[in-house]
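Trainee: Can you read through this structure? Questions will come right after.
The values are calculated or read from the model by the stated rules, or taken from the named source; none is laboratory data. None of these values were measured; they are calculated from a predicted model. Glycine also receives a Cβ, built like all others from the backbone with ideal geometry; neighbour counts cover every protein chain displayed.
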Amino acid sequence: MTNQLVLTTPSAREIVLSRSFDAPRRMVFDAFSKPELLVRWYGANGWQLVVCEMDLRVGGTWRYVSEGPHGATMGQSGTYLEITPPERLVVTELFDDQSYPGETTITHEFIEQDERTTVETTLLFATPVGREIVLGYPMARGVSESYERLSEVLADMQT
Amino acid sequence: MCLASALVTVYNQMVMNATALDSTFAALADPTRRAILARLAAGEASVGELAAPFAMSQPAVSKHLRVLERAGLISRGRAAQRRPCRLEASALRVATDWLDALRRHWEESYQRLDALLEEMKAAEAGGQRRGGKP
């Protein structure tokens, strides 16, 4: 059984990502909140966390630096707003090369049912997503040329 | 063109489209409008043809079309009667490319997380076997 990532855009400022895992939520929560575990999975293919600092307490800060193809680097950091193991983690996020002011608030909800965990991640942008994208979010990856994906993306957004 | 300059070109193009993108995403936030775009991805259509599957009046559909047109997501032909609607791929593409990059970041990360969780489960089961009942 494949666990599909579902991406929705409920409002102009929000993007929601949802994905299930075949593991109890205490494990999934650990994988999100312990640096030695996070470095093992976080990042698109070809990208690797080379810095992963977490001061895991409310008001504490976190910082990640990723290294990608052709020596590209990407830094991001933020503050912990809420830490409720193993069910909820809320942080702010700001990219180093973000020229537009405004932090993104990221809420991870860990929902367990029958030894499976669904992670629902809400990205709440400070401004409408379009502006955030172009001025803020680094385009870390090459741009896909596939026009066919269009209807796929639209179909996924429907769900 | 090398990857870096290709990215710079895309980035500049995106900065120019900043305001347009705001309206793009606002337009995309509505499920009826997304369905209309999905329909138009298959080919151009008139207002009547678009209204048919939606149990919606033509004026209601026209309202959505105006939002999509303002966002630069569709254009409308000038043929007096029919005025067919056409998907404008480039405006949508900047948005979908970005969503696609975001999706891939998480999809690829999560595939690795699947493997890590399997390892954690196996380690825990092994630990319990060695240490007897937890």
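Trainee: Of the conditions (1) crowded, with 17+ Cβ neighbours inside 10 Å; (2) more than 11 Å from chain B (Cβ to nearest Cβ); (3) at positive phi, residue A:64 satisfies every one except a single condition; which number is it?
Mentor: Failed condition: (3).
Trainee: Determine which single condition residue A:59 fails, assuming it passes every other condition in (1) more than 13 Å from chain B (Cβ to nearest Cβ); (2) on the phi < 0 side of the Ramachandran plot.
Mentor: (2)
Trainee: Here's something else I'd like to know. Quick check on my filter: what residues within the range B:36-54 are more than 7 Å from chain A (Cβ to nearest Cβ) and either at pLDDT below 70 or assigned to a helix (DSSP H, G or I) (or both)?
Mentor: B:36, B:39, B:40, B:47, B:48, B:49, B:50, B:51, B:52, B:53, B:54
Trainee: Hey, among A:153, A:143, which residue is modelled with pLDDT under 90, among the hydrophobic types (A, V, I, L, M, F, W, C) and under 18 Å from residue B:110 (Cβ atoms)?
Mentor: Testing whether each residue is modelled with pLDDT under 90, among the hydrophobic types (A, V, I, L, M, F, W, C) and under 18 Å from residue B:110 (Cβ atoms) leaves just A:153.
Trainee: Between a residue in the range A:27-55 that is within 11 Å of chain B (Cβ to nearest Cβ) and on the phi > 0 side of the Ramachandran plot and any residue that is of a type outside the set (A, V, I, L, M) and not in a loop (DSSP other than H, G, I, E, B), which pairs come within a Cβ distance under 7 Å, given they are 6 or more apart or on different chains?
Mentor: A:43/A:66; A:43/B:109; A:46/A:69
Trainee: Look at residue A:23 and say whether it is over 21 Å from residue A:82 (Cβ atoms), touching a Phe, Trp or Tyr at 6+ places or on another chain (Cβ under 9 Å), of a type in the set (Gly, Ala, Ser) and surrounded by 16 or more Cβ atoms within 10 Å (Cβ to Cβ).
Mentor: When the stated conditions are applied, residue A:23 does not pass them.
Trainee: Quick one: would you say residue B:23 is loosely packed, with under 13 Cβ neighbours inside 10 Å, outside any loop (DSSP other than H, G, I, E, B), modelled with pLDDT under 80 and within 14 Å of chain A (Cβ to nearest Cβ)?
Mentor: Criteria not met by residue B:23.
Trainee: Right, something else. Given the conditions (1) more than 11 Å from chain B (Cβ to nearest Cβ); (2) in contact (Cβ under 8 Å) with a residue 12 or more places away in the chain, and given that residue A:84 satisfies all but one, which numbered condition is not satisfied?
Mentor: (2)
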